[in-house]
1. Here are some conditions: (1) part of a strand (DSSP E or B); (2) open to solvent by 10 Å² or more (accessible area, probe 1.4 Å); (3) closer than 23 Å to TYR94 by Cβ. HIS322 meets all but one. Which one does it not meet?
2. Please specify each residue of the stretch 390-401 satisfying the condition of being assigned to a loop (DSSP other than H, G, I, E, B) and open to solvent by 10 Å² or more (accessible area, probe 1.4 Å).
3. Which condition from (1) farther than 28 Å from TYR94 by Cα; (2) open to solvent by 50 Å² or more (accessible area, probe 1.4 Å); (3) at pLDDT 70 or above is the one that ASN40 breaks?
4. Could you give me the residue pairs with C-beta distances under 8 Å whose first residue belongs to the stretch 106-120 and is over 9 Å from THR165 (Cα atoms) and among the basic types (Lys, Arg), whose second residue is open to solvent by 70 Å² or more (accessible area, probe 1.4 Å) and modelled with pLDDT of 65 or more wherever it lies, and which are 6+ apart or on separate chains?
5. Could you list all residues from the stretch 411-434 that are open to solvent by less than 20 Å² (accessible area, probe 1.4 Å) and outside any loop (DSSP other than H, G, I, E, B)?
6. Do you know which residues across the stretch 389-410 are of a type in the set (Ser, Thr, Tyr) and under 28 Å from GLY372 (Cβ atoms)?
7. Quick test of your reading of the structure: LEU86 fulfils all but one of (1) among the hydrophobic types (A, V, I, L, M, F, W, C); (2) at pLDDT 80 or above; (3) surrounded by 11 or more Cβ atoms within 10 Å (Cβ to Cβ). Name the failing condition by number.
Amino acid sequence: EDPSSSSSTQNSVAPELPGFYYDPEKNRYFRLLPGHNNHNPLTKDSIQHKVMECKRLRLLEEQEKQNQKTTRAGLNSSVLFQKRQLGLLSSTSYCRLVHELKVNCMQRRKIEIHSPDSSVAGTNNFKIIVADVACERIFTVNDVEHGGCKYGIINLSGLGKESLTVEMYDNLYFTNRKVNSVCWASLTHPDSHLCLMGIAETPGCASLLPASLFSSTNPGDRPGMLCSFKISTAWSCAWCLNPQAGNCFSTVLVTNVVTGHRQTFGTNSDVLAQQFATQTPVLYNGCRSGEIFSIDVRQRNRKGQSWKATRLFHGSAVTSVHLMEAEHYLMAADMAGKIKLWDLRTAKCVKQYKGHHNEYALLPLHVNEEEGLLIAVGQDCYTRIWSLQDAHLLRTIPSPHPSSKDAIPSVVFSSRLGGGRGVPGLLMAVKQDLYHFSYN
């Protein structure tokens, strides 16, 4: 049973009565009290939260005792090796199933966060973590108590040691914006800058910051923002790595940060998710209306919708898009909790990954094609891992903290955390803590 799903015991034992709650343990009905009643209120929200918390604690206990079972019958290392030796499994299938086995064996360990400034580490809640391409650094967005966000960079080189420690470098200069979207940008060298899409007030504010801001110890040596402007109805950002449209990033307004040239493509709905293709200068957009469309950024703006190329449709607002490596398939998630794999050549959905939970949050997808895994964190604070090949749900990881709207984990998964010789695994940032799920 999915730990995030509501209990089916109530419906199977007794019928639901308006204004009453059936307790299966006590085998009786209790009247629901108004939510504003502060004297021992019994409401649907409190009941649901209690049931969810009990399931979370039970699942945590099972995983800490290493009672986590594989979701495929008969999947263990000895059986896989034997089948491989007998020629019953191809190399590709063997590697994929080994990765599935490792995912089910991951154990949680807390990471110690150190900082040159003792006031930085562990003082604010993590909101977003995004790794660079080499997975050597992680850019963090932390909520601060007085409003806005604080930015920082975590160096992952310490993850290769026996004791898990990381160094966090903070920049106190940019603290006045709520951030919706972050991506690394390669302007002067790989992952040299950061694109941020935040909301100061209205309209939104887009910024391009050099990553060296967080490594300079002398405040006088800190470079300023390379690009900063306000744009209405912007929710996401993406950097283009294709040389035909190099040095460009998009916030619906496609901007060349070297020449300053800007091009606007009108949309009928807010764009909540974006990604550039690398083989062609094409930008994929996921909209609040549920539409996904692509545009060739080389063409001039036209009136109407004639510049839209590939068009796909979800039944709810699209919150994340991920273009697969061969660029024939696109993964997308929406606010109805649907995750779909689209074939861009036929414009048809070829797979659905079930179990994800979302109602209104902007939640990203994490695709690791090398390991054959899809990872997503739901609004219920559970991290789920699927097999890319057959959409099988491999594992559901509960949050170490009680579920709440302000405690949704942010994760990074890689086979080389800390660089080329780094350690594989899953990083989870929740509240003020950072955890490593060892993948070995």
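1. (3)
2. Step one: filter the stretch 390-401 for residues assigned to a loop (DSSP other than H, G, I, E, B), giving 390-392, 398-401.
Scanning the stretch 390-401 gives ASP390, ALA391, HIS392, PRO400, HIS401.
3. (3)
4. Within 8 Å, the pairs are ARG108/GLU64.
5. Residues satisfying the conditions are VAL411, VAL412, SER414, LEU417, GLY425, LEU426, LEU427, MET428, ALA429, VAL430, LEU434.
6. From the stretch 389-410, those of a type in the set (Ser, Thr, Tyr) are 396, 399, 403-404, 410; that's our starting set.
Passing the criteria: THR396, SER399, SER410.
7. (3)
Conditions (1) of a type in the set (Lys, Arg); (2) in contact with a strand residue (DSSP E or B) (Cβ under 8 Å, 6 or more places away or on another chain); (3) at pLDDT below 80, marked per residue:
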residue	(1), (2), (3)
ALA200	no, yes, yes
ALA206	no, yes, no
SER215	no, yes, yes
GLY220	no, no, yes
GLY224	no, no, yes
PHE229	no, yes, yes
CYS237	no, yes, no
LEU253	no, yes, yes
VAL257	no, yes, yes
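The values are calculated or read from the model by the stated rules, or taken from the named source; none is laboratory data. Bear in mind that the values here come from a model prediction, so they are computed numbers and not experimental data. Glycine gets a Cβ as well: all are built from the backbone with ideal geometry, and neighbour counts include every protein chain shown. Remember, those area values only see protein heavy atoms, side chains included, never the ligands or the DNA or RNA. Shrake-Rupley method; radii C 1.70, N 1.55, O 1.52, S 1.80 Å.
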